[in-house]
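Notes follow the structure.
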Amino acid sequence: MTLVRIAVLVVTCFITFKFVLLPIRVEGISMEPTYHTGQVNFINRLAYLHHEPQRGDIVSVRLAGDSIMFMKRIIGLPGETVSFHEGQTFINGQPLDEPYVKNPCSWEAGPFVCSANEYYVVGDNRNMPFKFHTQGRAERERIVGKLFL
Amino acid sequence: MKLVSRLVLLAAVITLGWWLWGVCFPSVEKVVAKRMASLAKTVSFSADAGNVTRLAKASDFPGYFSVDAEISVDDPELGVHTLSGRDEIRDAGNGGFAVLPGLKVTFLDTTVTVGPDKQVADVSCTLRVVVGNDKDYGVQEMHFQLKKIDGDWLITRAETVKTLR
């Protein structure tokens, strides 16, 4: 009976951590101060089962697979135009309130137009030159899930 | 009990046979993936690697590419940079092996798609690079095209993929 319980537990853990909550370790400074290097978190793969990603969501964007993923915040939705002027983010020409951005910057970039299948993602740490900050338009199918914690 | 033992034994024999079959007659996908892993091993060297090791790796490196191979790298800072032909790739490799303090290259999430004639293959993967003893690493999504030439799988094209456009 104990063996059966252990087997059930193992299978449950496998399914949960493989297909529902994907464990990740944060690396890099892109999402500071919201998330720091070394923090452990989970990606909720089922977050977008019933609705599409929303602005402000922190999501993981896969590269070739899910061994290494980008962790970014969605600021631009499909069809929207994103631009940065004197560090302020603009969506369709309107300033976007971003209380999570603690480090001021002077980014000048854009406009970037998201197609019907693209989301504009960027890190919270804007305290680095624009060209050194990995960001841009991510196709919907690359968004693996939403950060759980 | 005897039946259970026999079933377990049968399952073990089938598993062993299946594994042996895979080892003796690997699929084209496995052969290509192995080739990519071999490339990663060839271009990786530790910081304390001597000149002989570096020279040996530098001479092996171009052998993974076809004569007319092309490498296209789209760098956010430097723009698109292209190496055309095995000679240019060799020169770039020689420079890298001579100058870099050390290099550890890994191909992650490798997906191999073989053409219907089994003579060409596409490889998608994430390249993970550590230079020297650096704690940080770089990642880049990559796409390779390989062709079977004279029995060897050679890279005909390698290019960076823009994950975020």
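Here the stretch A:50-67 and the stretch B:24-38 have alpha carbon centers that stand 32 Å from each other. Extending 7 Å from Cα along the Cβ direction at B:T15 and again at B:K162 yields two label points whose distance is 4.8 nm. What FRET efficiency, computed as 1/(1 + (r/R0)^6) with R0 = 30 Å and r the Cβ-Cβ distance, is obtained for B:S84 and B:R54, rounded to the nearest 0.05? So, using R0 = 30 Å, E works out to roughly 0.80. Counting only GluC sites (Glu not before Pro) that are in a DSSP loop and have at most 12 other C-beta atoms within 10 Å, tell me the longest site-free stretch of chain A. Longest stretch, sites excluded: A:1-85.
Taking Lys and Arg as +1 and Asp and Glu as -1, the other residues whose beta-carbon sits under 14 Å from that of A:V61 total +3. Under unit Cβ charges (Lys, Arg +1; Asp, Glu -1), what dipole magnitude, rounded to 20 debye, does the stretch A:2-147 have relative to its Cα centre? Using only the charged Cβ atoms, the result is roughly 560 debye. Over the Cα atoms of the protein assembly as shown, the radius of gyration divided by the Kirkwood radius equals 1.03; this is the Rg/Rh ratio.
Simple point charges give the picture: +1 on the Cβ of Lys and Arg, -1 on the Cβ of Asp and Glu, and for chain B a dipole about the Cα centre of about 960 debye.
Using only side-chain charges placed at the Cβ, +1 for Lys and Arg and -1 for Asp and Glu, the dipole size of the stretch A:55-127 relative to its Cα centre rounds to 160 debye.
Separation of the stretch B:49-76 from the stretch A:73-149 is 37 Å, based on Cα centroids.
Entry note, the protein assembly as shown: the mean residue ellipticity at 222 nm calculated from DSSP H runs of n ≥ 4, each adding -39500 (n - 2.57), is -8000 deg cm²/dmol after division by the residues and rounding to the nearest 500. In the stretch A:2-147, a dipole from Cβ-located charges (positive for Lys and Arg, negative for Asp and Glu) runs towards its positive end, and of A:V113, A:H85, A:V10 it is A:V10 whose Cα lies farthest in that direction. Between amide H atoms placed 1.01 Å from N, distances below 5 Å from A:E27 occur with A:G38, all of them 5 or more places distant or on a separate chain. Quantify how much of the Cα-Cα distance distribution of the stretch A:2-147 extends past 21 Å, in percent. For the stretch A:2-147, the fraction of Cα-Cα distances above 21 Å is 46 percent.
I'd like the orientation of helix A:2-15 relative to chain A: the angle between its Cα long axis and the longest Cα principal axis, in ° from 0 to 90, rounded to 10. With both axes taken from Cα atoms, the answer is about 20 degrees. Taking every DSSP beta bridge that has both ends in chain B, the antiparallel portion is near 90%. The translational diffusion coefficient of chain B, from Stokes-Einstein at 10 °C and 1.306 mPa s with a Kirkwood hydrodynamic radius over alpha carbon pairs, comes to 89 µm²/s. If I model a spin label at A:F148 and B:V99 as a point 7 Å from the Cα along the Cα→Cβ vector, what separation in nanometres do I get? Placing both labels 7 Å along Cα→Cβ, they lie 4.4 nm apart.
Between A:V61, A:V20, A:V122, the GNM of chain A built on Cα springs shorter than 10 angstrom shows A:V20 fluctuating the most.
Values in this text are rule-based calculations from the coordinates and carry no lab data. These figures come from a predicted structure and were not determined experimentally. We place every Cβ from the backbone using ideal geometry, glycine too, and count neighbours over all the protein chains shown.
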